[in-house]
Amino acid sequence: MLLKFLTPHIEHFENNVTVQLSFNIDGVPLSSSSKSSFWPILLSFVNVPNLLKTVIPVGLYHGKFKKPSSSFEFLNPFITEMNEIISNGLEINEKILKFKISQVICDAPAKSFLLNVKNHNAYHGCNSCIVEGTYFNHRMSFLDMDAPLRTDRNKQDEYYYKDNSPLEDLPGAKKQLFKQQLKAAERMSEKYLNHNFSEKMTAAASLFTKLQLKETKKKNKGRRFTLDEKIMSLSLYKRNPKCYCLLSIMFTLPSPRTLQNVLSSVSITTGVSPIVMKVLRKI
Ligand SMILES: [Zn+2]
């Protein structure tokens, strides 16, 4: 499909360029008296200056009574073609073109259809956060402004997700999804460890262990220590500086110099503290 369109325009493309594609997907009613509608998939090019105003239809669905019943059925031919050209590129007249989808544009009903989630006006319909709507003045209103944001991690939310989205089958999306899942898993295991540690250890031991997990893999200069960690290390250092040096070889700890800096930021003067005097005067 694309090959046929691009061949006459190939002079506008540089060799080896990554063409950024923009898609618009929407339902268009054909008449006000029937439910007959068109669902076109329109393509445009984001980074080809000579073709900025060109729009080409790459897919079209017509339903006499309703929109496509499944977003998979509707999008699958499109996804298959995209997977093919994104993975392999196209060669036209000895020019190699690579492709990337940079945006999919649609209105709220089309968006929820493509993502396979509840409608934008459902109780759990917000795409951005997990707010629960309130029906107010014949409208769905989302009143909670601080609800946690939606992520792939709360994909179990059956009030929002109907099923997987066909867009997840695009090659870039899969990579992205995998990366996000990996990050989520890392955060989960860290949280789990932290939780288990703090239950079974003294506060100091937990602080020390967390410090080892958090900083050990970083380069020397990239290590950052919290004030609590510095105070704990300082108490070790003051007990026995030589032993602290030995511990520093075995574990990740702030350098004696960092500890000196903590001390120098505390002002120590001679005399009686004015706070103590104040208390004494009251007695
Ligand atoms: Zn929201």
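What follows is calculated from the coordinates using simple rules that are stated; it is not laboratory data. Bear in mind that the values here come from a model prediction, so they are computed numbers and not experimental data. All Cβ positions, glycine included, derive from the backbone under ideal geometry; neighbour counts span all protein chains shown.
Brief remarks follow.
- Dividing the mean sequence gap of close Cα pairs (under 8 Å, 6+ apart) by how many residues the stretch 1-80 holds gives a relative contact order of 24 percent.
- Taking amide H as placed 1.01 Å from N in the peptide plane, the amide H of residue 150 sits under 5 Å from that of 129, 130, each at least 5 places away or on another chain.
- For residue 99, the residues whose modelled amide H falls within less than 5 Å of its own, excluding neighbours fewer than 5 places apart on the same chain, are 19, 89.
- Alpha-carbon centroids, the stretch 111-147 and the stretch 204-283: separation in whole Å: 49
- Going from the residue with the fewest nearby Cβ atoms within 10 Å to the one with the most, 73, 11 rank 11, 73.
- Summed side-chain charge close to residue 23 - residues other than residue 23 whose Cβ falls under 15 Å, Lys, Arg +1, Asp, Glu -1: -2
- If you run the Gaussian network model on the chain, springs between alpha carbon atoms under 10 Å, then out of 155, 210, 111 the most flexible one is 210.
- Antiparallel DSSP beta bridges within the chain, as percent of all bridges there, nearest 5: 75
- Likely footprinting exposure, 243, 126, fewest C-beta neighbours within 10 Å first: 243, 126
- Around residue 34: net Lys/Arg minus Asp/Glu count, Cβ-Cβ under 12 Å: +3
- Each Cα pair under 8 Å and six or more residues apart adds its sequence gap; the mean of these over the residue count of the chain is a relative contact order of 12 percent.
- Residue of 137, 16, 196 that the Gaussian network model of the chain assigns the largest fluctuation, springs spanning Cα pairs under 10 Å: 137
- Straight-line reach from residue 210: taking Cα to Cα under 19 Å and skipping same-chain neighbours fewer than 8 places apart, the aspartates and glutamates in range are 186, 190, 199, 228, 229.
- Radius of gyration and maximum dimension Dmax of the chain, Cα, Å: 30.4, 97
- Counting only residues at least eight positions apart within a chain, or on another chain, the aspartates and glutamates with an alpha carbon under 16 Å from that of residue 118 are 107, 132, 152, 157, 158, 163.
- Ranked 187, 150, criterion: other C-beta atoms within 10 Å, fewest first: 187, 150
- HN-Hα J in Hz across the stretch 10-18 - Karplus 6.51, -1.76, 1.60, θ = phi - 60°, x for Gly and Pro: 4, 5, 7, 9, 7, 5, 6, 6, 9
- For the stretch 52-190, the share of alpha carbon pairs falling in successive 10 Å distance bins from zero is 10, 30, 32, 20, 6, 1, 0 percent.
- In Hz, Karplus ³J(HN,Hα) per residue of the stretch 267-283 (6.51, -1.76, 1.60; θ = phi - 60°; x = Gly, Pro): 7, 10, 10, 7, x, 9, 5, x, 5, 4, 4, 4, 5, 4, 4, 5, 6
- Using the Cβ-Cβ distance between residue 198 and residue 266 with R0 set to 30 Å, the FRET efficiency works out to roughly 0.60.
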